[in-house]
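Below is one structure; the comments refer to it alone.
The values are calculated or read from the model by the stated rules, or taken from the named source; none is laboratory data. Since we're looking at a predicted model, the values are computed, not measured. Note that we place each Cβ from the backbone using ideal geometry, even for glycine, and neighbour counts take in every protein chain shown. Surface accessibility is based on the protein's heavy atoms, side chains included, excluding ligands, DNA and RNA. Shrake-Rupley method; radii C 1.70, N 1.55, O 1.52, S 1.80 Å.
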2 protein chains.
Amino acid sequence: MLSLEQLKEITRQSDSKIVLLVIDGLGGLPRPETGKTELESAHIPNLAELANKGNCGLTDPVSPGITPGSAPGHLALFGYDPVKYLVGRGILEAMGIDFDLKKGDVAARGNFCTIDSKGLVTDRRAGRISTEENAKLCKKLSNIKLEGVQLYIVPVKEHRFLLVLHSEGLSGDASDSDPQQVGVAPLSVVGHSPGGKKTAELANEFAAKAKSVLADSHPANMVLLRGFSQHPNLPTMNEIFKLNPAAIAAYPMYRGLAKLVGMKILNTGATIEEEFDTLVKHYAEHDFFFIHAKKTDSTGEDGDFAAKVHALEEIDRLLPKIISLSPDVLIVTGDHSTPAMLKGHSWHPVPLLLYSKWCRADHVREFGETACASGGLGKFPAVEVMPLAMANALKMTKFGA
Amino acid sequence: MLSLEQLKEITRQSDSKIVLLVIDGLGGLPRPETGKTELESAHIPNLAELANKGNCGLTDPVSPGITPGSAPGHLALFGYDPVKYLVGRGILEAMGIDFDLKKGDVAARGNFCTIDSKGLVTDRRAGRISTEENAKLCKKLSNIKLEGVQLYIVPVKEHRFLLVLHSEGLSGDASDSDPQQVGVAPLSVVGHSPGGKKTAELANEFAAKAKSVLADSHPANMVLLRGFSQHPNLPTMNEIFKLNPAAIAAYPMYRGLAKLVGMKILNTGATIEEEFDTLVKHYAEHDFFFIHAKKTDSTGEDGDFAAKVHALEEIDRLLPKIISLSPDVLIVTGDHSTPAMLKGHSWHPVPLLLYSKWCRADHVREFGETACASGGLGKFPAVEVMPLAMANALKMTKFGA
């Protein structure tokens, strides 16, 4: 695999257009009754036609057996080695609520929790307090002052909040205060570098003050912090691929991930149809589009096989909106599998189809896990998808003399 | 690929059980008369049924084109990058005879050889003296005293012996005395580090004394030493995978390799049937079992196609003993190929089948090289087998936020 520096040397700008449709949690597992996965059960004539004309395969988001979170799954598809380029929990939390992080900010994921009279954690989620209660408590915590640092406490959902420290010389190199178990006291945050030590000092001071502010707010009478992290400062897709890339995603976290790699975020409605219409509207303005379809993942996580099938059929029904634009390269794949049978992300390889004038069609006639397993692209790491897209768009020159 | 440190972060202990059946030298090459390999010629209905219900693929033990020795072949299957974690010849020799190495010991493989009156090597194997003669000579050599070191000289087979130096501050970082050709004198051992220099000094003193002890023992009138090495101190499978692993292997070398990664060695008889019975007997005590079947490799090395086919059929016939235990994950594969047509280890990818409740069955209906080539697991490095096994046993959490 080439490094991003090496890739940069051989990419070139051109007018050709790439559309990458990421169907979140696309891969599945067969229902015992039929032996067919969600994708294999769905009526998806447009995807089948693309598979027929295109080249198919399976991707490993990270490597065999590894179940990726959303960040590694997407970074790999954007061309970034997910084992090398890590996004911290705090940063992801900030992206999930569209928080505008500044350079140098340290973000952490916070939980309201319950402690007993001895200070031991009895519930790591404070009985999942309501989001309204959370908002009130975050307002209280926002009054805490720490010397030389600007503090942001932003409510997320239920017991979750985002903590952002804005100052100079901080680093995310600090341990969690969340002990990940009950019956023990919250841990002291420990820094592992000069910047991490400064972060730890501030975090511990914040936690101490939060404890007294929340003393009367049982069950949410304490906070736990984890995933201290900073913006990873990735090289942009423009720098590496010389693309002018845009993202169409209804969910903040995926917009955040796209922003991390320098994509322009396009305003869009939340449905697939609205997302596809957004593509049509802005098609002239960019040469790369990432479109994110979420419903397949959430229905998979709910364990709702039929709803995931339905979500796939909805995408297929609307696909002509994309096809009629005749992108030079159209890739349909997922960031990972979310089999309804497992009710969560999984390690299973993800079907991928690539259609371009130069794709070298294989014998695959339908879009499904089993069919793609014997496709012309074989099984390959998701981080290779972008080089493949660029090549098919004739946006790369020779490597080596 | 994740590092072992990264893997460690996402593995978890659970009650599910993994059985890894390693059929040594499993892969083969077709006999021209039939166009079928050993595996494809064998009547193996139980393996075919597992292939049918499971997910198949091919592994590269190291990487395409590389023929592995026994150590890299097995270490890869145990999850250790075989290019990074090397086991020296001396250590392997010690493991092959169940020699109990202590921490810091340096082991080397020794050959009795023949030298002429000028001290030049005329036969690197001393005419392959008998194992009995070898034992007598090793007894003589054991009387050699070296200052500040305990010396072990242990006969192996024919002209081979094991030398172990037990002392402080030694290292395996020393060159061979074996010149690997005749007509030249044995080389002086040269150390490449302080510990290696100490080893070299002792080895050269030993060789000089051995020469005078053996002066009247023509043809075995000198020794050649190679592969100075120390225990590689690998992180254990328990540390990485949180498993309580056990090994069932009739041959010492494979028990030794299993011991290197921290497996408990179970007492077993030498036949496949006895090995499988050992699994049944100890099934409740461990959550991971490595079972080693040797005969396929030795018959392959003998070039005996029919005997290798027979050995495969014997394994298949006894397989219900394993299947009836219903392990959560059952993997059948080999450490490398040993085609009877080549009479030795080879670089050819090795068939693998994985059966679990969550394996996502593919369209492969039989267990053979050609069938596995289009399986759902594709072709992948053997070092990924353990993550895949762990995932299918639901013993891993998500990677990345």
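Remarks
- Values of log10 I(q)/I(0), in the order q = 0.26 Å⁻¹, for the stretch A:114-190 under a Debye, Cα-only, solvent-free model: -1.25
- Surrounding net charge for residue A:111, when Lys and Arg each add one and Asp and Glu each subtract one, Cβ distance under 15 Å: +3
- Among A:188, B:117, A:298, the sequence by solvent-accessible area, most first, with a 1.4 Å probe is B:117, A:188, A:298.
- Surface accessible to a 1.4 Å probe, per residue, for the residues of the protein assembly as shown, Å²: 40
- Annotation: average projected area of the stretch B:19-58 is 3.5 square nanometres, based on the convex hull of Cα atoms across all directions.
- Taking a Cβ cut-off of under 11 Å around residue B:344, the surrounding Lys, Arg, Asp and Glu residues balance to a net charge of -2, with basic ones at +1 and acidic ones at -1.
- Environment charge at residue B:43 (Cβ cut-off 10 Å; Lys +1, Arg +1, Asp -1, Glu -1): -1
- Springs between Cα atoms under 10 Å define the GNM used for chain A, and in it the highest mean-square fluctuation of A:100, A:335, A:60 occurs at A:100.
- Calculated SAXS-style log₁₀ I(q)/I(0) at q = 0.08, 0.14, 0.20 Å⁻¹ - the stretch B:203-347, Debye, Cα scatterers: -0.35, -0.83, -1.20
- Using a cutoff of 8 angstrom between alpha carbon atoms and counting only pairs six or more residues apart, the relative contact order for the stretch B:258-313 works out to 19 percent.
- For the stretch A:161-228, the convex hull spanned by the alpha carbon atoms encloses 86 Å³ per residue.
- Ratio Rg/Rh [Cα only; Rh per Kirkwood] for the stretch B:181-276: 1.17
- Each residue of the stretch B:125-136 is assigned a 3J(HN,Hα), and the resulting list reads 10, 6, x, 6, 3, 5, 5, 5, 4, 3, 4, 4 Hz, derived from the Karplus form 6.51 cos²θ - 1.76 cosθ + 1.60 (θ = phi - 60°), x at Gly and Pro.
- To the nearest ten degrees, helix B:272-282 and the longest principal axis of the Cα atoms of chain B are 70 degrees apart.
- Globularity ratio of the stretch A:116-243, using Cα Rg and 2.2 N^0.38 Å: 1.17
- When the convex hull of its Cα atoms is projected in every direction, mean area for the stretch B:355-395 (nm²): 3.0
- Normalising the average separation of contacting C-alpha pairs (under 8 angstrom, six or more residues apart) by the number of residues puts the relative contact order of the stretch B:21-114 at 13 percent.
- Both radii are taken from the alpha-carbon atoms of chain A; with Rh as the Kirkwood radius, Rg/Rh is 1.01.
- Between the residues A:382, A:283, B:190, the greatest Cα displacement towards the positive end of the dipole of the protein assembly as shown, with unit charges on the Cβ of Lys, Arg, Asp and Glu, is found for B:190.
- Close amide H contacts of residue B:173 (hydrogens built in the peptide plane, cut-off under 5 Å, sequence separation of 5 or more or a different chain): B:196.
- Considering only beta bridges that DSSP places wholly inside the protein assembly as shown, some 60 percent are antiparallel.
- For the stretch A:384-401 and the stretch B:31-82, distance of Cα centres in Å: 33
- Rounded to whole numbers, the Karplus 3J(HN,Hα) couplings from phi for the stretch B:292-298 are 10, 10, 9, 4, 4, 6, 5 Hz, using 6.51 cos²θ - 1.76 cosθ + 1.60 with θ = phi - 60°, and x at Gly and Pro.
- Mean projection of the Cα convex hull over all viewing directions, computed for the stretch A:41-148: 13.3 nm².
- Computed from the Cα positions only, the extents of the stretch B:67-124 along the three principal axes stand at 50, 30, 18 Å, in decreasing order.
- Stokes-Einstein D in µm²/s, Kirkwood radius over Cα pairs - the stretch A:332-384 at 10 °C with 1.306 mPa s viscosity: 130
- Coordinate range along principal axes, alpha carbons of the stretch A:267-384, Å, largest first: 40, 35, 25
- Accessible area of residue B:273 in the full protein assembly, 1.4 Å probe (Å², nearest 10): 80
- Restricting the trypsin sites (Lys or Arg not before Pro) of the stretch B:1-76 to loop positions (DSSP other than H, G, I, E, B) with no more than 15 neighbouring Cβ atoms within 10 Å leaves B:12.
- Rounded to the nearest 500, the 222 nm mean residue ellipticity of chain A from helices alone is -9000 deg cm²/dmol, with -39,500 (n - 2.57) taken per DSSP H run of at least 4 residues.
- Whole-angstrom gap from the stretch B:119-185 to the stretch A:310-344, using each part's C-alpha centre: 66
- Note on chain A: with a GNM built from Cα contacts shorter than 10 Å, the maximum mean-square fluctuation among A:207, A:293, A:76 falls on A:207.
- Long-range Cα-Cα pairs in the stretch B:93-156 (distance over 16 Å), rounded percent: 58
- Remark: accessible area buried at the B-A interface is about 2200 Å², both chains counted, probe radius 1.4 Å.
- Links that overshoot a 31 Å alpha carbon limit, given the list A:36/B:281; A:53/A:281; A:197/B:8; A:17/A:398; A:264/B:379: A:36/B:281; A:264/B:379
- Considering only B:28, B:61, B:78, and ranking their Cα positions along the charge dipole of the stretch B:1-78 that arises from unit charges at the beta-carbon of Lys, Arg, Asp and Glu, the one farthest toward the positive end is B:78.
- Hydrodynamic radius (Kirkwood) for the stretch A:19-101, which is based on Cα pairs only, to one decimal in Å: 15.5
- Its Cα centre serving as origin, chain B has a Cβ charge dipole (Lys and Arg +1, Asp and Glu -1) of approximately 660 debye.
- Cα-based Rg and Dmax for the protein assembly as shown, where Dmax is the largest Cα-Cα distance (Å): 30.7, 96
- A probe of 1.4 angstrom, applied to the heavy atoms of all protein chains, finds residue B:347 with accessible area near 110 square angstrom.
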